[in-house]
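Each value in this text was obtained by applying a stated rule to the coordinates, not by laboratory testing. Just so we're clear, the structure is a prediction, and the values are computed from it rather than from any experiment.
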Amino acid sequence: NKESAKHRNGVARLISPGEIQAVIDGFDWKSLSGKTIVDVGGGYGDMMNAIAKKFPNIKCLCMDLPEVIAAASPPPSSPVKLVGGDMFESIPPCDVVFMKHVFCDWSDEDSVKILQSCNLALPPEGKVILADALLPSGEDAYNARSTQVFIDALLLVVGGRMERSESQLSNVAALAGFQIDSVEATASPSVNITMLSKVKET
């Protein structure tokens, strides 16, 4: 509902500023020059405005619920197009779908549905970029940074969801026809950059 959406965006903004810079520094955005990217669940467009400012050759769109978009106050000169919609129904056609702290809000079943919408919006060579914490598994779990545990606890309290491990994410992605191409750490322990591509049909 409207109040839930506003609350969720408020929480996102509390942990977002440092993450935005970490995401910008942690990925080769120049490789997307000339491409169209849609930030699904992008709130008020903060992430896309930061990318568009530094990489003007990328066409940036921000999609969120209509009531969230209606409350946005973008910079007057912002080239970012704000789109109201439902990611479970359709996502604007694009080359790349970007999502930051979106999957952690949803169950595996709903996350598969979101990725299925991404699949329909993307061309065969399209990509999905996820900016989320990936929980360590196996022996690495003993070396987990406290910030990851804190973020997971915060998300559990706020939205009733948790981050996933790489293995868990891979299983969810596969059900929607995607595979993990790469996982990169960033300067923020609450954000890894995971790239998904479509599984090639044989």
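The phi-based Karplus calculation (6.51 cos²θ - 1.76 cosθ + 1.60; θ = phi - 60°) puts the 3J(HN,Hα) values of region 175-181 at 5, 10, x, 10, 9, 7, 8 Hz, whole numbers, x for Gly and Pro. The stretch between E184 and E125 holds 19.2 nm of extra length on full extension. This uses 0.36 nm per residue minus the Cα-Cα distance.
Compared with the direct C-alpha span, the chain from S77 to S170 gains 29.6 nm at full extension, assuming 0.36 nm per residue. Close amide H contacts of L135 (hydrogens built in the peptide plane, cut-off under 5 Å, sequence separation of 5 or more or a different chain): R164, S165, E166.
Full extension of the chain between K54 and I24 yields a length gain of 9.9 nm, computed as 0.36 nm times the residue separation minus the alpha carbon distance.
Along region 105-112 the Karplus relation, 6.51 cos²θ - 1.76 cosθ + 1.60 evaluated at θ = phi - 60°, assigns HN-Hα couplings of 8, 10, 5, 4, 4, 5, 5, 4 Hz to successive residues, with x for each Gly and Pro.
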